[in-house]
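Here is the structure we will look at.
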Amino acid sequence: MTSTDPATLSQSELNRHLVWTGFRQMVPMALFVMVFGAAFGLAATQRGLDALSVVCMSALVFAGTAQFAVLDLWGPAMPMLAMALTVFAINARHLLMGASLYPWLRDLPPGRRYGLMTLASDANWALSMQALARGQPGLGMLLGGGAALWVFWVLGTWLGTQVGDLIADARRWGLDMVMGCFMLAMAVGGEKNGRTFAIWGVAACASLAAYRHLPENSHVVVGALAGGLLGAAWKEAPHGD
């Protein structure tokens, strides 16, 4: 029988119990994601997309901010190159998410490895990294938490195509701040040392400079690359040293 005690599991362990635990832990955050899914569903239908196409977009793309950005470019003559570059810029942070998880993913079969990353997003990645930093299994949160976010995002999108006018302005209620506050809490609650502060500081400064002086959305890529390059150059000391 597979053990479910976190103290006896390897950090790369992935079983049904861990996945279900990750799913349940992510449900409170997923409820807010459902609200934004509904807002997206409404916005997309207002752009002329039919309900089936909108739901399929959320199910296959699963990238809220990028999907909203694409709607801004949607029209009779769609600039495909601009759309592709915008989506890449917004989602470039996933390159670093994958790199940060590689030590725990590298021994998995390719199908399982890439399947896990398909459901990676800010929230479940952050909680997975926190668990891994504590020496606990984290891939269950990555898969189970990602599944919860995906289910509620798609469900919210469908609801938005039906009754989205009830929550047409999520920003009015401050719900657009939920994910930002969550990520800030994860950063504050994570490991604190000079290396971590330096990486966050460099990423923040580079992102702010790009936001002021470079094209729209480029600050996401610039900040991620600046912090990631510093982290790659400044190797973390092995635990116990």
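The values are calculated or read from the model by the stated rules, or taken from the named source; none is laboratory data. Given the structure is predicted, the values throughout are model-derived calculations rather than measurements. Cβ placement follows ideal geometry from the backbone for every residue including glycine, while neighbour counts extend to all protein chains displayed. Surface areas here come from the heavy atoms of the whole protein model, side chains and all, with no ligands, DNA or RNA. Shrake-Rupley method; radii C 1.70, N 1.55, O 1.52, S 1.80 Å.
On a per residue basis, region 4-132 carries 52 Å² of accessible surface, using protein heavy atoms and a 1.4 Å probe.
The peptide list 221-229, 139-147, put in order of mean Cβ contacts within 10 Å with the highest first, becomes 139-147, 221-229. Other residues whose C-beta falls under 14 angstrom from the C-beta of Val70 contribute a net charge of -1, scoring Lys and Arg +1 and Asp and Glu -1. From most to least packed by mean Cβ count within 10 Å, the peptides 198-207, 111-120 give 198-207, 111-120.
Summing Cβ point charges (Lys, Arg +1; Asp, Glu -1) relative to the Cα centre of region 1-141 gives a dipole of roughly 160 debye. Sorted largest first by accessible area at a 1.4 angstrom probe radius, with every protein chain in place, the residues Trp234, Trp150 fall in the order Trp234, Trp150.
One decimal place: the segment Thr65-Ala209 gains 49.7 nm when fully extended, by the rule 0.36 nm per residue minus the C-alpha distance. Treating r as the C-beta distance of His17 and Ala77 and R0 as 45 Å, the FRET efficiency rounds to 0.30.
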